[in-house]
């Protein structure tokens, strides 16, 4: 894979070439958005893992607090 040029003019030309289909963007999805891939993985299993580690009493207390907060707003 060719590296992106550091020169702003060359980079702009490369972006235009990719957008118009004259050049192919060879960067993989993981290289273009590594934070999004890591963040999504944590979000998918986050709530379920948190709930699994709590007792039923603790989950109930959190749910009651959330409901009270949600419905107390005017």
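Just so you know, all these numbers are worked out from the coordinates, no wet-lab data involved. If you're wondering where the values come from, they're calculated on a predicted model, not measured in any experiment. A quick note on method: Cβ atoms are made from the backbone with ideal geometry, for glycine too, and the neighbour counts reach across all protein chains shown.
Annotations for the structure displayed:
- Hull shadow area, averaged, the stretch 33-74 [alpha-carbon convex hull, nm²]: 4.3 nm²
- Rg over Rh, two decimals, the chain (C-alpha only, Kirkwood Rh): 1.37
- Residue-averaged [θ]222 nm for the chain, counting only DSSP H segments that reach four residues, each worth -39500 (n - 2.57): -23000 deg cm²/dmol
- Take each peptide in 14-23, 50-59, count the other Cβ atoms within 10 Å of every residue, and average; sorted highest first, the result is 14-23, 50-59.
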